[in-house]
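K.L.:
I'd like to ask some things about the structure below.
Derivation of every value follows stated rules applied to the coordinates shown; laboratory data play no part. Values in this document were obtained by computation on a predicted structure and should not be read as measured data. As a convention, Cβ positions derive from the backbone with ideal geometry for all residues, glycine included, and neighbour counts pool all protein chains shown.
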Amino acid sequence: MYSTLIQVEQLQSLLKEGRKLMVFDCSFDLMNPAEGIKLFGTGHIPGAVYADLDADLSAKGDTTAASGGRHPLPSREKFAAWLSSVGFTNDMQAVVYDRNNSTYCGRLWWMLKWAGHDAAALLDGGLQAWKQSGGQVETDAPAARPAGNFTALPELYSLFTTNDIAGSLGKPAQTVIDARAAARYRGEMEPLDPQAGHIPGALNRPFTDNLGPDGKFKSADVLKAEFETILAGRDPATVVHHCGSGVTATPNILAMTLAGLGKTGLYAGSWSEWSNTPGLPVAVG
């Protein structure tokens with residue numbers, strides 16, 4: 001079972017062995033959401049299933065959504081139903097990837113953990129690493145699979161709400177880490193949400209800092225040292241991550257797991273929900 005990262009060679013071995021697994025392509029473009037499925041059609045790992053951030057991994061306009069924000073989480077029950085609809089079962093290894101420097105596939109990795117499925121791993125280096133290692137791609141739509149019977153199990157990673165974050169603001173029992181770019185965190189710019197700035201007391205760790213020049217995650221030792229520097233003595237068990245809409249915070253969660261710093265939380269509503277909630281404080285600088 002692979003539960004954090006999987007390397008291209010390891011995935012190729014599983015495929016050759018005929019292991020029970022499903023590969024998910026999560027490629028996306030926030031500024032042009034229709035582009036994701038087009039990118040998938042230009043070439044994907046053979047047999048991969050496309051997971052659309054908006055259509056499959058979010059629940060916009062759904063009153064049963066598990067969070068707010070621009071990309072509200074579907075309920076665990078609806079997510080389990082989608083997994084079943086694409087043929088996924090509880091005894092499968094899940095492998096997620098994108099072609100966007102792991103910007104989007106971490107969302108599905110985290111959701112699988114939230115649904116209690118530990119056999120979920122992110123393909124280190126994404127589609128680029130697959131191609132560089134000689135992996136073939138296909139452009140055909142995947143063949144329909146028989147429906148699966150995925151059942152959600154107890155959560156392996158915790159979800160936090162706006163009330164959770166607001167209720168513990170400024171208390172030692174909570175450490176908020178913001179995964180957005182530094183300029184957005186400081187409030188110097190805000191291209192998407194009504195207010196610029198950050199949650200008071202939040203620390204800044206842009207999710208892109210987790211990757212090396214090759215597009216792969218840094219070593220566990222390096223990640224541990226970097227996060228410990230940011231935490232400056234704060235207990236890693238108190239950490240809750242957020243970003244703009246609960247998507248790019250997930251690579252930070254994976255990075256802390258890789259670093260041996262535990263299973264930290266996710267505030268999925270993130271800045272898009274916080275900044276749209278009247279009465280909540282905002283910090284800049």
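K.L.:
Measure of size requested: the Rg and Dmax of segment 197-260, with Cα atoms as the atom set and Å as the unit; please supply both.
P.N.:
Looking at segment 197-260, its Cα Rg and Dmax stand at 11.6, 34 Å.
K.L.:
Follow-up. What is the count of Lys pairs in segment 5-132 whose alpha carbons sit under 29 Å apart, if the two are 8 or more places apart or on different chains?
P.N.:
Taking segment 5-132 as the scope, the lysine pair count is 15.
K.L.:
In a shell of Cβ-Cβ distance under 13 Å around Met1, excluding Met1 itself, what net charge do Lys and Arg (+1) and Asp and Glu (-1) give?
P.N.:
Details: positive: Arg19, Lys20, Lys113; negative: Asp91, Asp118.
With Lys, Arg at +1 and Asp, Glu at -1, the neighbours total +1.
K.L.:
How large is ³J(HN,Hα), in whole Hz, for each residue of segment 128-138 in order, when computed from phi with the Karplus curve 6.51 cos²θ - 1.76 cosθ + 1.60 and θ = phi - 60°, using x for Gly and Pro?
P.N.:
4, 5, 4, 5, 5, 8, x, x, 7, 10, 10
K.L.:
Sticking with the crude label model, points 7 Å out along Cα→Cβ, report the distance from Glu35 to Thr277 in nm, one decimal please.
P.N.:
The answer from the label model is 3.1 nm.
K.L.:
Out of every Cα-Cα pair in segment 193-234, what percent are more than 12 Å apart? Write out the running numbers ahead of the final one.
P.N.:
Details: 590 of 861 pairs.
Roughly 69 percent, once rounded to a whole number.
K.L.:
While we're on this one: If I build a Gaussian network model for the chain, linking alpha-carbon pairs within less than 10 angstrom, which residue out of Gly148, Gly18, Gly246 has the largest mean-square fluctuation?
P.N.:
Of Gly148, Gly18, Gly246, the Gaussian network model singles out Gly18 as fluctuating most.
K.L.:
Separate question: How about the chain: what cysteines have no other cysteine beta carbon under 4.7 Å from their own?
P.N.:
Lacking a cysteine Cβ partner under 4.7 Å: Cys243.
K.L.:
Quick check: pseudo-label points 7 Å beyond the Cα along Cα→Cβ at Asp91 and Ala173, how many nm apart are they?
P.N.:
4.2
K.L.:
For segment 7-60, compute Rh as the Kirkwood radius over C-alpha pairs and then the Stokes-Einstein diffusion coefficient at 10 °C and 1.306 mPa s; write the answer in µm²/s, rounded to an integer. Could you put the intermediate results ahead of the total?
P.N.:
On the way: Rh = 12.4 Å.
This corresponds to a translational diffusion coefficient of 128 µm²/s.
K.L.:
Taking amide H positions as placed in the peptide plane 1.01 Å from N, state which residues far from Ala121 in sequence (5 or more) or on other chains have amide H under 5 Å from it.
P.N.:
Ala94, Val95, Val96
K.L.:
Within segment 114-128, whose backbone N sits under 19 Å from a point 7 Å along Cα→Cβ of Leu153?
P.N.:
114-122
K.L.:
Can I ask one more? Report the Rg/Rh value for segment 5-132, based on alpha-carbon coordinates and the Kirkwood definition of Rh.
P.N.:
Values: Rg = 14.1 Å, Rh = 14.8 Å.
That ratio is 0.95, to two decimals.
K.L.:
To continue, here is another question. So if I restrict to the alpha-carbon atoms in segment 103-242, what is the Rg, and what is Dmax, the biggest pairwise distance, in Å?
P.N.:
Rg then Dmax for segment 103-242, in Å: 18.4, 52.
K.L.:
Considering every Cα-Cα pair within segment 159-274, what fraction, in whole percent, is farther apart than 22 Å?
P.N.:
Working: 1818 of 6670 pairs.
Here the tail beyond 22 Å accounts for 27 percent of pairs.
K.L.:
Oh, and also: Considering only C-alpha atoms, what is the centroid distance from segment 209-276 to segment 83-98, in Å?
P.N.:
Centre-to-centre (Cα) distance: 24 Å.
K.L.:
Same structure again: Among Tyr267, Tyr50, which comes first, second and so on when ranked by fewest other beta-carbon atoms within 10 Å? Numbers along the way, then the final one.
P.N.:
Details: Tyr267 27, Tyr50 20.
If I rank by nearby Cβ atoms, fewest first, I get Tyr50, Tyr267.
K.L.:
Next question, about the same structure. Top mean-square fluctuation among Gly68, Gly187, Gly197, Gaussian network model of the chain, C-alpha springs under 10 Å?
P.N.:
Largest GNM mean-square fluctuation: Gly187.
K.L.:
How much of the pair distance distribution for the chain lies past 30 Å, counting alpha-carbon pairs only, in percent? Mind dumping the intermediate values first?
P.N.:
Working: 10748 of 40470 pairs.
Pairs farther apart than 30 Å: 27 percent.
K.L.:
Among Lys78, Lys113, Lys16, what is the fewest-to-most ranking by other Cβ atoms within 10 Å? Walk me through the intermediate numbers first.
P.N.:
Numbers: Lys78 15, Lys113 23, Lys16 8.
With the fewest neighbours first, Lys78, Lys113, Lys16 line up as Lys16, Lys78, Lys113.
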